[in-house]
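What follows is a short report on a single structure.
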Amino acid sequence: MQTAYTKEELRAALAPVRGKRIVLVPTMGALHEGHASLLRQARELAGDEGCVAASVFLNPVQFDNAGDLAAYPQTPEADLQVCRDCGVDVVFMPTPDVMYCSDRSVTMEETHLSTVLCGARRPGHFAGVCLVVSKLFNLVQPTDAIFGKKDYQQLAILRRMVRDLDIPVTLHGAEIVRDVDGLALSSRNVRLSPEHRAAAPAIRRALVAAAAAYAEGAPVQAVCEDVLSILSAIDGVTVDYVELVDAENLHPVTDEARPALLAVAAYFGEVRLIDNIELSRTI
Ligand code: AMP
């Protein structure tokens, strides 16, 4: 495995595999089993002939909250080991100075899907995501890239970016990896207090119950209210949103025959957790 710290090192590391399948997995580091599953899927997709590239970059541009950025865990040595264990060929690990010019002045904004859910609560977040991912696409020039459905809105926005800008890459969505108790794995989970860690699987339980209720015909508003009341009852939890939306355009459901998404964001103390479940009227 090669580790590239600069754009030049990255270009040199990828030069021998140009023309072959290159599968990119972008991450912000503090890698866990959720990231590892994406890396293993990338290895599978690339095959023996192709190349798996991973980026480990804590992108400051996508943080709307300085405290969240400062508290974000960073474990570069362990991340390299995870990449090695998952069969990654090239890891790109730039610093913000390597990634961005100090007088950068071009932005990358998606203007429809980004106005709802997390986008409505985290100004500039998805513009920061689109900027960094489009830069990574330009640098790596992957044939494929894998993103987790845990960040469902991010995946939907990136699909739109790739479609609208004709970026020559195929995106793949990977299923959410969970702890045994149902909590979606997240780099932020290590910041949870023991009490909040113990309570957090309630998110998954509430979403599963809501999916069953929706399948049986429960009204959209009642489904959301049930999840909201379960989560709001937990000590120290502030629900950011519970929304049931169209799975493709992420806006309020207008046609209940179409696939839907129930998405949740909630603060457990200082730590903002997100999760979601895909729904339909008939299971
Ligand atoms: P992050 O490091 O949080 O930016 O995540 C990097 C990639 O890993 C994103 O595509 C995430 O959606 C994905 N990811 C993070 N956690 C999980 C998880 N628990 N299951 C599946 N994918 C995940």
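Bear in mind these aren't lab numbers, they're just calculated from the coordinates by the rules spelled out. Note that the structure is a prediction, hence the values are computed from the model and not measured. Note that we place each Cβ from the backbone using ideal geometry, even for glycine, and neighbour counts take in every protein chain shown.
Angle check, please: helix 220-232 long axis (alpha carbons) against the longest principal axis of the chain (alpha carbons), in degrees 0 to 90, nearest 10.
Compared with the principal axis, the helix lies near 80 degrees.
Can you tell me the orientation of helix 202-215 relative to the chain, as the angle in degrees between its alpha-carbon axis and the longest Cα principal axis, to the nearest 10?
The angle comes out near 70 degrees.
With everything on Cα atoms, drop me the angle between helix 152-164 and the longest principal axis of the chain, reported from 0 to 90° to the nearest 10.
With both axes taken from Cα atoms, the answer is about 50 degrees.
Among the lysines in the chain, how many pairs, 8 or more places apart or on different chains, have alpha carbons under 23 Å apart?
So the count works out to 5.
Sorting check: for 160-168, 99-107, 19-27, which peptide has the highest mean count of neighbouring beta carbons within 10 Å, and how do the rest follow?
The most tightly packed comes first, giving 19-27, 160-168, 99-107.
Calculate how many DSSP beta bridges within the chain are antiparallel, expressed in % of all such bridges and rounded to the nearest 5.
50
What FRET efficiency comes out for Ser280 versus Asp48 if R0 is 41 angstrom and r is the Cβ-Cβ distance? Round to the nearest 0.05.
Plugging the Cβ-Cβ distance into 1/(1 + (r/R0)^6) gives 0.60.
Just the C-alpha atoms of the chain: what Rg/Rh do they give, with Rh taken as the Kirkwood radius?
My calculation of the ratio gives 0.97.
Using a ≥ b ≥ c from the Cα gyration tensor of the range 83-191 (square roots of the eigenvalues), is it rounded, prolate or oblate, where a/c under 1.5 gives rounded and otherwise the larger of a/b and b/c decides, a/b for prolate?
Taking the square roots of the gyration eigenvalues as a ≥ b ≥ c, the range 83-191 is rounded.
Ranking request for peptides 240-252, 214-226: highest mean number of other beta-carbon atoms within 10 Å first, then the rest in descending order.
240-252, 214-226
Roughly how far apart, in whole Å, are the Cα centres of the range 3-50 and the range 142-211?
19
What value, in deg cm²/dmol to 500, does the helix sum -39500 (n - 2.57) over DSSP H runs of n ≥ 4 give at 222 nm once divided by the residues of the chain? Don't skip to the end; give the middle numbers.
Numbers: 11 runs with 109 residues, N = 283.
-11500 deg cm²/dmol, from helical runs alone.
Could you work out how far apart the two model spin labels at Lys7 and Arg205 are, taking each label as a point 7 Å from the Cα in the direction of the beta carbon, and quote it in nm?
Distance between the two pseudo-spin positions: 5.0 nm.
Is the shape of the range 11-53 rounded, prolate or oblate, going by the alpha carbon gyration tensor and its root eigenvalues a ≥ b ≥ c, with a/c under 1.5 for rounded and a/b larger than b/c for prolate?
oblate
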